[in-house]
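Novice: Have a look at this one.
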4 protein chains.
Amino acid sequence: MVRVTVWNENRHEKNNPVVGGIYPNGIHGAIADFLTKAGFEVGTATLDEPEHGLTEQVLNQTDVLIWWGHLAHHEVEDSIVDKVYQRVLKGMGLIVLHSGHASKIFSKLLGTPTGQLKWREADEKERIWVIDPAHPIASGLGEYIELQQEEMYGEHFNIPTPDQLVFVSWFEGGEVFRSGVTYHRGQGKVFYFRPGHETYPTYYNKEIQKVIENGVRWAVPSQTAEPVYGNAAPLEPIKSKPYSREVTEI
Amino acid sequence: MVRVTVWNENRHEKNNPVVGGIYPNGIHGAIADFLTKAGFEVGTATLDEPEHGLTEQVLNQTDVLIWWGHLAHHEVEDSIVDKVYQRVLKGMGLIVLHSGHASKIFSKLLGTPTGQLKWREADEKERIWVIDPAHPIASGLGEYIELQQEEMYGEHFNIPTPDQLVFVSWFEGGEVFRSGVTYHRGQGKVFYFRPGHETYPTYYNKEIQKVIENGVRWAVPSQTAEPVYGNAAPLEPIKSKPYSREVTEI
Amino acid sequence: MVRVTVWNENRHEKNNPVVGGIYPNGIHGAIADFLTKAGFEVGTATLDEPEHGLTEQVLNQTDVLIWWGHLAHHEVEDSIVDKVYQRVLKGMGLIVLHSGHASKIFSKLLGTPTGQLKWREADEKERIWVIDPAHPIASGLGEYIELQQEEMYGEHFNIPTPDQLVFVSWFEGGEVFRSGVTYHRGQGKVFYFRPGHETYPTYYNKEIQKVIENGVRWAVPSQTAEPVYGNAAPLEPIKSKPYSREVTEI
Amino acid sequence: MVRVTVWNENRHEKNNPVVGGIYPNGIHGAIADFLTKAGFEVGTATLDEPEHGLTEQVLNQTDVLIWWGHLAHHEVEDSIVDKVYQRVLKGMGLIVLHSGHASKIFSKLLGTPTGQLKWREADEKERIWVIDPAHPIASGLGEYIELQQEEMYGEHFNIPTPDQLVFVSWFEGGEVFRSGVTYHRGQGKVFYFRPGHETYPTYYNKEIQKVIENGVRWAVPSQTAEPVYGNAAPLEPIKSKPYSREVTEI
């Protein structure tokens, strides 16, 4: 059984009654709910728990980690980010949601300042178009997902070229955005999925839930041998060759 | 005129007579020589200069930076790495050579522990096969470059999926390696090229020189507008929509 | 249950006693055997059956088609190739093995003369290195698969840039080859896997079997809606704009 | 000097007074004009000329071919398509514009039914966003190109995963589209660029012209050796190995 840990900053829910009203058990609670119903073994972890709830034991028993954060990315301790980073390189799947784009872990794994994008809170319509209908993360969807109101994220989004581009969003106000992108990092798989601003009930949307479920299945660790790095003995005999170190062209 | 800065750790040349004999003016000197002949405006910088020779002025006047380092990656100050990182994101090309794979700047830009690979010093033969004959970096080459003796680097090489794979090396001892890979990062372009162990005269090889010249031309900054990030006004009017925040599915 | 059809030219087995000795039930029989044991619902089809065994009914009930052919690619009727092509675009997975690289269907789907590569029959050693340890097709493998004797295939291999590069082979005689590559085409997924020359018992190798099993799971059709093409009504009202067709710059 | 041939169907210009008014010398004439001013050596060719103007001599003296077609794709003879196909594989650059997406040559090179997309003629606004600001094809542009009125092309666009995604378009009516995509095919480079419906003066737009100029420079043939295909002698001696063809697992 695939073991999922849903990590959430869990601050908006406490400080903003609108958010608390939409997500009375936290965004993590809402996500954990539908993933449990989908047949996954789900735990949660939040910023204000000791070690942000991401102890070594929790991480070692997590196949896929889901990450939602927004205003307190800087409060996530570097030592925990490093542990998550190492676990992803060793195979743990990572699904980064919405404003998690600016998290330390996402930027560290991608190598660019992934917090850089355009944004706007204007209750505008988003259409998330399926660009790659062969991709398992798009399974079960129609041609696009329509969200009546969401926060806008627009290009340029400062990410590396994705390994795979699954979704591109259209926004009412005139922007486009690469909303679903995947990457391999070491033995691990990373999926970023854009929607989910805290003031909208996005994570109750059945199609959004479907994408996250698909993402979990896609991100499950492969059981490939851990690569061996460093000084290596030859697998084949190496012939001694006549060779002169004289450099005649200087 | 394209302005190139060749950065070199420049320690082997001083400490190892074999290396000093091959590269009396340093690896940076040898590279600067052939790039100058190729028509570029070339400067050099080395680890032991103040600010490692990479002052803000030098960086601001560099279109393409070449990086060779090996044993002293940890001596490169983070503040300088950060400046190089920011310059690449703003468009400066970066060509990382050989053991520069383990440099702070390469790992930071790529997001993986790029120091991880297999290696062996056994004077073995390397064949660098052209995988993408349409790529400008392969221009002027035959089907492969043969080096009679080089250090072996073998897979798995812990890099992200390259944007483009230009070369794959064959080694006598039984390994293969992605020897020429390219990436875009922000407005900048990054090219990694494998050969160039300090105890061999690799940078005097005409075909190796051709690849580095091609790489410089390929990595020249594009004159695209710097993206604007952050809160953005709508480009189109956003309609007000009837919308209820009641969440009925909880 | 995933439904697999194994297609085989099935000529070498009849004409060459060595091949017939290794694969008394045909290459298709050997592949069908291990895939059945792996839990798939497997059928077979061969060149000399009516419609090459690929009737519309068979194709419509196939989730993943496996293709082995060699000397008789030209005998495969274009009308059948077209049916397979349409099925792949609608979601059927396709796994092309070894000399199937030169098949009509592979070339048609990829857009290049995929028959173009280097080859040699010299009983030489092949090492198939895992380049992407995060990929599900590499699951369960070590760092490489070693085949004591195989036919050599070498670069340049005239395929488009793969969506994903899973394996690269090393050959004793000095060549490298992109041995495991994936592509999406329409709603369908395509995986090419190099090994399997008819005069070697390659398809009895447990690791080779594991790769093909992984490939089948990876290639299973996604249940995404079939895209609608053609003239489309606007989803949002289009404003009439003042616009002049006067062209002032001529 | 880079030699460009601009190929145009050149039917709308004769049959539709609106188009003839915008492009009195044909779409090919307008494109040839600005490319000549940009310093290229430019010729033109059209459907109704003998061999569609694409004689062997013309093709052999063309570095980059530009293709605009719409309603008469089926009138382009297969023998000419084959010649263009072979030339691209040998290095000639190909830039396919707008409705050229449905041309025989584009589909043949890409391997998918590239004619499949959504479209609408409704005088709607298009914004072509720069997705990859490091790409040379985006050089000299701002963050997006705005066209007040264009035909809409919408996803899903049935192309293979692009090697590089340079532009994504936003349309007023609710769609998005991968408007600038690149591919390598053999030794040749292919760039598709969306805008240019015949009833709008799109090719007089300075930014659109800039993209096509950049595209020509990007698509110039690399001078890499033509790969040698077929039976190959070993580069290294192959050891004879004890080997038994007995198959024990049957």
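Novice: Hey, could you check region A:90-111 for residues that are in contact (Cβ under 8 Å) with a residue 40 or more places away in the chain, out of contact with any strand residue (DSSP E or B) (no Cβ under 6 Å at 6 or more places or on another chain) and not small (G, A, S) and say which is farthest from A:F167 (Cα to Cα)?
Specialist: Top of the filtered list is A:K90.
Novice: Here's another thing I want to ask about it. Does A:S139 satisfy being more than 30 Å from D:L117 (Cα to Cα) and among the polar types (S, T, N, Q)?
Specialist: No: the conditions fail for A:S139.
Novice: Go through the residues of region D:209-230 one by one and say whether even a single one is part of a strand (DSSP E or B) and touching a helix residue (DSSP H, G or I) at 6+ places or on another chain (Cβ under 6 Å).
Specialist: No: region D:209-230 contains no residue that is part of a strand (DSSP E or B) and touching a helix residue (DSSP H, G or I) at 6+ places or on another chain (Cβ under 6 Å).
Novice: State all residues of region D:216-233 that are of a type outside the set (A, V, I, L, M, F, W, C) and either more than 13 Å from chain C (Cβ to nearest Cβ) or over 30 Å from C:E121 (Cβ atoms) (or both); if no residue qualifies, say none.
Specialist: Listed by number, the residues that qualify are D:R217, D:P221, D:S222, D:Q223.
Novice: Something else about it: Working carefully through the options C:L109, C:L35, C:L59, find the one that is in a helix (DSSP H, G or I) and at the interface with another protein chain (Cβ under 10 Å from one of its Cβ atoms).
Specialist: From the options C:L109, C:L35, C:L59, the qualifying one is C:L109.
Condition check ((1) surrounded by 20 or more Cβ atoms within 10 Å (Cβ to Cβ); (2) closer than 18 Å to C:N205 by Cα; (3) of a type in the set (F, W, Y)) across all residues:
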{"residue": "C:P24", "(1), (2), (3)": "no, yes, no"}
{"residue": "C:A30", "(1), (2), (3)": "yes, yes, no"}
{"residue": "C:P50", "(1), (2), (3)": "no, no, no"}
{"residue": "C:Q57", "(1), (2), (3)": "no, no, no"}
{"residue": "C:T62", "(1), (2), (3)": "yes, no, no"}
{"residue": "C:Q86", "(1), (2), (3)": "no, no, no"}
{"residue": "C:G93", "(1), (2), (3)": "yes, no, no"}
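Novice: A further question follows. Give region A:1-21 a look and list any residue that's of a type outside the set (A, V, I, L, M, F, W, C), touching a helix residue (DSSP H, G or I) at 6+ places or on another chain (Cβ under 8 Å) and over 17 Å from A:E75 (Cβ atoms), or say none.
Specialist: A:T5, A:G20
Novice: Can you give me the number of residues within region D:171-194 that are more than 12 Å from the chain's Cα centre (by Cα) and outside any strand (DSSP E or B)?
Specialist: Summing the residues that are more than 12 Å from the chain's Cα centre (by Cα) and outside any strand (DSSP E or B) in region D:171-194 gives 6.
Novice: Can I ask one more? Report the residue count in region A:5-22 for those that are surrounded by fewer than 18 Cβ atoms within 10 Å (Cβ to Cβ) and within 15 Å of the chain's Cα centre (by Cα).
Specialist: Final tally of qualifying residues: 0.
Novice: For the subset of region C:114-144 comprising residues that are in contact with a Lys or Arg (Cβ under 6 Å, 6 or more places away or on another chain) and crowded, with 21+ Cβ neighbours inside 10 Å, which member is nearest to the other protein chains (Cβ to nearest Cβ)?
Specialist: Filtering region C:114-144 for residues that are in contact with a Lys or Arg (Cβ under 6 Å, 6 or more places away or on another chain) and crowded, with 21+ Cβ neighbours inside 10 Å, the one nearest to the other protein chains (Cβ to nearest Cβ) comes out as C:A134.
Novice: Of everything in region B:160-174, what is within 30 Å of D:A134 (Cβ to Cβ) and either at pLDDT below 95 or not charged (D, E, K, R) (or both)? Give them in sequence order.
Specialist: B:P160, B:T161, B:P162, B:Q164, B:L165, B:V166, B:F167, B:V168, B:S169
Novice: While we're looking at this one, here's another question. Applying the selection to region D:145-167, what residues are of a type in the set (S, T, Y) and more than 9 Å from chain C (Cβ to nearest Cβ)?
Specialist: D:Y153 - this is the single residue of region D:145-167 that is of a type in the set (S, T, Y) and more than 9 Å from chain C (Cβ to nearest Cβ).
Novice: Would you mind telling me which numbered condition in (1) closer than 18 Å to B:W218 by Cα; (2) facing another protein chain (nearest Cβ under 9 Å) B:R87 fails?
Specialist: (2)
Novice: Somewhere in region B:72-79, is a residue of a type outside the set (S, T, N, Q) and in contact with a strand residue (DSSP E or B) (Cβ under 9 Å, 6 or more places away or on another chain)?
Specialist: No: zero hits.
Novice: Related question: Being of a type in the set (D, E, K, R) and farther than 12 Å from D:K118 by Cα is the filter; apply it to region D:145-177 and report the residue that is surrounded by the most Cβ atoms within 10 Å (Cβ to Cβ).
Specialist: D:E150
Novice: A further question on this structure: Within the set of pairs 6 or more residues apart or between chains, which connect a residue that is without any contact (Cβ under 8 Å) to a residue 12 or more places away in the chain inside region A:26-47 to a residue that is surrounded by fewer than 21 Cβ atoms within 10 Å (Cβ to Cβ) and not polar (S, T, N, Q) with Cβ atoms less than 7 Å apart?
Specialist: Every condition considered, no pair remains.
Novice: Still on this structure: Please specify each residue of region D:224-245 satisfying the condition of being exposed (fewer than 14 other Cβ atoms within 10 Å of the Cβ), at pLDDT below 95 and in contact with a Gly (Cβ under 9 Å, 6 or more places away or on another chain).
Specialist: D:P237, D:R245
Novice: Within region D:168-215, how many residues are free of Cβ contacts under 8 Å to residues at least 24 places away in the same chain and at the interface with chain C (Cβ under 10 Å from one of its Cβ atoms)?
Specialist: Number satisfying all stated conditions: 3.
Novice: Sticking with this structure for a sec: Sort out which residues of region D:106-128 are closer than 18 Å to D:L94 by Cβ, out of contact with any helix residue (DSSP H, G or I) (no Cβ under 6 Å at 6 or more places or on another chain) and of a type in the set (S, T, N, Q), and write them in order of number.
Specialist: Within region D:106-128, D:S107, D:T112 qualify.
The values are calculated or read from the model by the stated rules, or taken from the named source; none is laboratory data. Owing to the predicted nature of the structure, the values given are computational and were not obtained by experimental measurement. We place every Cβ from the backbone using ideal geometry, glycine too, and count neighbours over all the protein chains shown.
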